[in-house]
Amino acid sequence: MMLHNKIALITGAAGGIGKRCAEAFIREGARVVVADRDVANGEATAVALRSSGGDVLFVPVDLAHPEQVESMVAQVVAHYGVLDILVSNAAVGGRRLGDGPVHECTVEGWDTVMTVNLRGAFLACKYAIPELLKTRGSIITLSSVLGMVGTQGLYDTHAYTTSKAGIIGLTRSIAAHYARQGLRANVIAPGLIDTRMAERTKATPELLAQVAFWQPLGPIGGVEDVAEAAVFLASDRAKFITGVVLPVDGGWTVQ
């Protein structure tokens, strides 16, 4: 019960990594707020978690709208009284939106990816931090291995990569600024994980072979690998850790 009685807000929790984080946090004793713009899957996730014994609140939110993000945090505090943990996980992949190498990336694709991935993380932190300071809480942001390294070829999505690098800078700045007030902030940088974003890779032998080279422990990680790292960073076992970027990448960044 590493998170006993902690109140955790997880964005993008209707599926994928966010959903598995919610499951792992509940297993460790937390009460969890599932936040997502996908109302149908968000509510279904909350129902499933409650049926397994979890104390769960679902809050619909579109991170592109500051007033909705501010309301999300207010609803958490109104329901549970406090906020201990923020897991800023919500993100979109870029290719279907027009992302690609800089000379091919559309302005609209760039703006959409930045709005959801980087601006959304900023807004979640902005409105959660005043409450987290009251509890000497913890922020965990989800970046990507692509925010740490350059890429070539079929993985060139420069808006997505830039947004994920920005999340690292944002989180480390938060860690430095608020450490003396007891707030911790850390980053998880996953490699390719078995979510919807991995579907194109799994269906393309050339891509799968490339990722198998990049991730020698892989080729594809599981959502549980990321969730277990989040549990540790959110818990008191990591009470002297702040500002780190933890790759969960099957060895990608050591090469």
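Taking (1) buried (at least 21 other Cβ atoms within 10 Å of the Cβ); (2) assigned to a helix (DSSP H, G or I); (3) touching a helix residue (DSSP H, G or I) at 6+ places or on another chain (Cβ under 7 Å); (4) at pLDDT 95 or above in turn, Y160 satisfies each apart from (4).
Tell me yes or no: at least one residue of the stretch 223-231 is outside any helix (DSSP H, G or I) and either closer than 28 Å to A128 by Cβ or free of Cβ contacts under 8 Å to residues at least 12 places away in the same chain (or both). No: the stretch 223-231 contains no residue that is outside any helix (DSSP H, G or I) and either closer than 28 Å to A128 by Cβ or free of Cβ contacts under 8 Å to residues at least 12 places away in the same chain (or both).
Restricting the stretch 118-159 to residues that are more than 14 Å from V73 (Cα to Cα) and without any contact (Cβ under 8 Å) to a residue 24 or more places away in the chain leaves a set whose member that is nearest to the chain's Cα centre (by Cα) is L146. Scoring F58 on the criteria (1) under 20 Å from the mean Cα position of the chain (by Cα); (2) of a type outside the set (S, T, Y); (3) under 24 Å from N186 (Cβ atoms) leaves a single failure, condition (3). For the stretch 24-50, which residues satisfy the criterion of being touching a Gly at 6+ places or on another chain (Cβ under 8 Å) and either of a type in the set (V, I, T) or in contact (Cβ under 8 Å) with a residue 60 or more places away in the chain (or both)? Answer for the stretch 24-50, where residues must be touching a Gly at 6+ places or on another chain (Cβ under 8 Å) and either of a type in the set (V, I, T) or in contact (Cβ under 8 Å) with a residue 60 or more places away in the chain (or both): I26, V32, V34, T45. Only one of the listed residues (R200, R180, R172, R196) is basic (K, R), within 19 Å of M148 (Cβ to Cβ) and surrounded by fewer than 20 Cβ atoms within 10 Å (Cβ to Cβ). That residue is R172.
Counting the residues of the stretch 163-197 that are modelled with pLDDT under 95 and not in a helix (DSSP H, G or I) gives 5. With respect to the conditions (1) more than 21 Å from G18 (Cα to Cα); (2) assigned to a loop (DSSP other than H, G, I, E, B), G218 falls short on a single one, namely (1). Among residues of the stretch 197-235 being touching a Leu at 6+ places or on another chain (Cβ under 9 Å) and charged (D, E, K, R), the one that is nearest to S88 (Cα to Cα) is R200.
Within the stretch 197-215, is even one residue under 15 Å from the mean Cα position of the chain (by Cα) and closer than 21 Å to L86 by Cα? There is no residue in the stretch 197-215 that is under 15 Å from the mean Cα position of the chain (by Cα) and closer than 21 Å to L86 by Cα. What number of residues in the stretch 13-40 are buried (at least 24 other Cβ atoms within 10 Å of the Cβ) and under 19 Å from V77 (Cα atoms)? So the answer is 9.
The values are calculated or read from the model by the stated rules, or taken from the named source; none is laboratory data. Remember, it's a predicted structure, so these values are computed and weren't measured experimentally. We place every Cβ from the backbone using ideal geometry, glycine too, and count neighbours over all the protein chains shown.
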